[in-house]
Amino acid sequence: MRITAGCQITYDCPQPTPMLLMVSPHPSREPDLIGPSELYFDPPIPSRGYTDGFGNRCTRILAPAGQLTISTRFTVADPGTADVYAPAAWQRPVEELPDEILIYLFGSRYCDTDRLSDTAWSLFGSGPAGWRLVQNICDYVHNRIQFGYEHARATRTASEAFEERRGVCRDYAHLAVTLCRCLNIPARYCTGHLGDIGIPPPHDPMDFAAWFEVYLDDQWHTFDARNNTPRIGRILMARGRDATDVAIATTFGPCTLSGFSVFTDELAG
């Protein structure tokens, strides 16, 4: 299948403001691109790209004073298969993990493992390991948090999501990632496009999606505590320790978000 995706984001800046953007498909999806992945600015401004330490494609700009609209559009070829289900995937002991994987066991800005470690072990410490443990965590997080766009808060940590029992997809991902790390399963946060392909209506308003990956069976596997079912057509944009590392836009100065829309659609034919 072919999927077209993109976004339009508008900022009002009282002064020239440096910005760091992560709105392009992840390099791992580049082989699937049909045509170019375009990034547009209105008014036109120069931009510069680079790859960060997590392997994400980033764009640096200096937004001018006034209004700036950032737009993306691209099309990918997707196999149309759901997330991989691998119930036999096993969990490697911490002492045997590769050095570069250990960072995904540590606490981070939104994944406050120090506050949830005792809770994680009391809830899941006597249960199964590996894939079944991660699925049990997803089931728990899916049922504990009430989803609602009105519950969105950019500063909410995993422990706060646990206590408040409400949030959006990033809160589901942060809490699940944190519980996994507490139980010695490396986990990393992911953001990207996820349309409603294969899902019956009614559909939620489109937004960027957050999910997570865990390191089992010496490879990374996709999990999604928000939807808690294998989905079709994920388009990864960025991976990191938590939302701090993969923010759609990081602004280095005062500005106001005045417009925001996202689209992800399967193309006919």
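Every read-out reported here was derived from the displayed coordinates using simple, explicitly stated rules and does not represent laboratory data. Remember, predicted model here, so these are calculated numbers, not experimental data. A quick note on method: Cβ atoms are made from the backbone with ideal geometry, for glycine too, and the neighbour counts reach across all protein chains shown.
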Please name which of Ile145, Trp121, Thr178 has its Cα lying farthest along the dipole of the stretch 94-240 towards the positive end, using unit charges on Cβ (Lys, Arg +1; Asp, Glu -1) and the Cα centre as origin. Ile145
5 Å is the cut-off here: which amide hydrogens, built 1.01 Å from N in the peptide plane, fall below it relative to Thr10, excluding neighbours closer than 5 in sequence? Ile70, Ser258, Gly259, Phe260
The chain pair-distance distribution - Cα-Cα, 5 Å bins, rounded %: 1, 6, 12, 16, 18, 16, 14, 9, 5, 2, 1, 0
Simple spin-label estimate for Asn184/Asp139, 7 Å along Cα→Cβ, in nm, reads 2.3 nm
Name the shape class, rounded, prolate or oblate, that the alpha-carbon gyration tensor gives for the stretch 162-269, where a ≥ b ≥ c are the square roots of its eigenvalues, rounded holds for a/c under 1.5, and otherwise prolate holds if a/b is larger than b/c and oblate otherwise. oblate
Mean separation of Cα contacts under 8 Å (at least 6 apart) over the residue count of the chain, i.e. the relative contact order in percent, is 30 percent
Rounded to the nearest 0.05, what FRET efficiency do Ala247 and Trp90 give with R0 = 25 Å and r taken as the Cβ-Cβ distance? Could you check? 0.15
Helix 169-182 sits off the longest principal axis of the Cα atoms of the chain, rounded to the nearest 10 on a 0 to 90 degree scale, by 40 degrees
I want the local charge near Leu216. Using Cβ-Cβ distances under 14 Å, sum +1 for each Lys or Arg and -1 for each Asp or Glu among the other residues. -1
Separation in nanometres of the label points that stand 7 Å from Cα toward Cβ, at Ile34 and Ile199: 2.2 nm
Under Karplus coefficients 6.51, -1.76 and 1.60, residue-wise ³J(HN,Hα) of the stretch 119-125 in Hz, glycine/proline x: 4, 4, 5, 5, 7, 10, x
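By average Cβ neighbour count within 10 Å, what is the ranking of 126-138, 75-87 from highest down? Numbers along the way, then the final one.
Numbers: 126-138: 17.4, 75-87: 13.3.
Result, highest mean first: 126-138, 75-87.
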Classify the stretch 166-220 as rounded, prolate or oblate, taking a ≥ b ≥ c as the square roots of the eigenvalues of its Cα gyration tensor: rounded when a/c is under 1.5, otherwise prolate if a/b is larger than b/c and oblate if not. prolate
For the stretch 191-238, the spread of Cα positions along each principal axis, largest first, Å: 38, 20, 15
Cysteines having no other Cys beta carbon under 4.7 Å from their own, within the chain: Cys7, Cys58, Cys111, Cys138, Cys169, Cys180, Cys182, Cys190
Using per-residue counts of other Cβ atoms within 10 Å, averaged over each peptide, order 104-111, 91-98, 3-10, 260-267 from highest down. 104-111, 3-10, 260-267, 91-98
Under 5 Å between amide H atoms, partner at least 5 residues away or on a different chain: which partners does Ser108 have, H built in plane at 1.01 Å? Thr113
Projected onto their principal axes, the Cα atoms of the stretch 94-240 stretch, largest extent first, over whole-Å spans of 45, 31, 26
Given +1 on the Cβ of Lys and Arg, -1 on the Cβ of Asp and Glu, and no further charges, what dipole in debye does the stretch 31-137 carry about its Cα centre, rounded to the nearest 20? 280 debye
Give a residue-ordered list of calculated ³J(HN,Hα) values for the stretch 197-214 (Karplus: 6.51 cos²θ - 1.76 cosθ + 1.60, θ = phi - 60°; whole Hz; x for Gly, Pro). 5, x, 10, x, x, x, 9, 6, x, 6, 7, 5, 10, 10, 9, 8, 10, 10
Excluding Thr75 itself, what net charge comes from residues whose Cβ is under 14 Å from its Cβ, given Lys and Arg +1 and Asp and Glu -1? -3
Phi-derived 3J(HN,Hα) across the stretch 61-67 with the Karplus relation (6.51, -1.76, 1.60, θ = phi - 60°), rounded Hz, x for Gly and Pro, is 9, 10, 5, x, 4, x, 9
